[in-house]
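Here's the structure we're looking at; comments come further down.
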Amino acid sequence: MRKSIKVLEQIQRIDLDVKAIEEEEKRYIKDIGSVTAEIGAEKEAVSAAGLDAEELKGQIKALDEKIRESSEKVAKDEKRLNEIKNERELNALTKGINAANKAKKQSEQEKNSLSSKLEEKKSALEAKGSKLNEKESELKRLTEELEEKKAGWKEEIEKKLASRDSVKKEIRPEVLKRYETVKAKRGGVGLVAVKSETCQGCFIHIPPQVYIQLKRGTEELISCPHCHRILYAEDQDHLEAV
Ligand SMILES: [Zn+2]
């Protein structure tokens, strides 16, 4: 059975290598997915901030128009001051000038406050824009890296699977089947060592009689009573050499 265990060890190493490659590819695909989603959200934020900025610009333009109208009214009324005939007219005109000046001042204040809001929006837009650029170059880098690596991964996996095919001929099909069944149920690991009477797959103590049997070596494959992985004594070779 030692030979079967050695072959299973080789097969498991190949399987874990293949799994690692597949997981690396999955990680890339996952990262690309999240960066793409982040770019989408960032684009939406940029476009919303752009709309806000446009609205502010429109409001500022309307205020400019109001300020211009008030200034014109003040200038026109001030000219008329020379043509005043009586106090009643003077009072009415002065009242008009004061009101126009007040309105102008109010519009200017509003404009100032909107202008600083617009400046804030603009710097926020700029920040969002550079964040978007960063995300886009990250996406480009990830996509290019994935493309570059794909061919190498494929070749490596094919090579590994070919060597697996030739190695697996050295064990009985039912042994391989048993390994594969456990492997599928146990996170890709179907064969584990036993160290200090403890299964290194589930880290549960195995019964002494099983351990003795393992160390002695049997014709049967021995499984962990808890996680059912195929077991081998780690120091088997050493003991047998002694
Ligand atoms: Zn176990």
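The values are calculated or read from the model by the stated rules, or taken from the named source; none is laboratory data. These numbers were taken from a predicted model, which means no experiment stands behind them. In this analysis, Cβ positions are derived from the backbone assuming ideal geometry, glycine residues included, and neighbour counts consider all displayed protein chains.
Residue-level check: of (1) touching a residue at least 24 places away in the same chain (Cβ under 8 Å); (2) under 27 Å from Glu24 (Cα atoms), Leu118 misses just (2). Just one of the listed residues (Lys85, Lys43, Lys79, Lys30) is touching a residue at least 40 places away in the same chain (Cβ under 8 Å) and not hydroxyl-bearing (Ser, Thr, Tyr), namely Lys43. What do you reckon, is Ala53 out of contact with any helix residue (DSSP H, G or I) (no Cβ under 8 Å at 6 or more places or on another chain), more than 30 Å from Glu148 (Cβ to Cβ) and either hydrophobic (A, V, I, L, M, F, W, C) or not assigned by TED's automatic domain parsing to the domain that holds Lys149 (or both)? Against the criterion (out of contact with any helix residue (DSSP H, G or I) (no Cβ under 8 Å at 6 or more places or on another chain), more than 30 Å from Glu148 (Cβ to Cβ) and either hydrophobic (A, V, I, L, M, F, W, C) or not assigned by TED's automatic domain parsing to the domain that holds Lys149 (or both)), Ala53 does not qualify. Against the list (1) free of Cβ contacts under 8 Å to residues at least 24 places away in the same chain; (2) touching a Ser or Thr at 6+ places or on another chain (Cβ under 9 Å); (3) surrounded by 12 or more Cβ atoms within 10 Å (Cβ to Cβ); (4) not aliphatic (A, V, I, L, M), the condition Ser107 fails is (1). Listed conditions (1) more than 16 Å from the ligand (Cβ to nearest atom); (2) in contact with a helix residue (DSSP H, G or I) (Cβ under 9 Å, 6 or more places away or on another chain) are all met by Ala162, apart from (2). In segment 214-230, of all residues being more than 16 Å from the ligand (Cβ to nearest atom) and part of a loop (DSSP other than H, G, I, E, B), the one that is nearest to the chain's Cα centre (by Cα) corresponds to Glu220.
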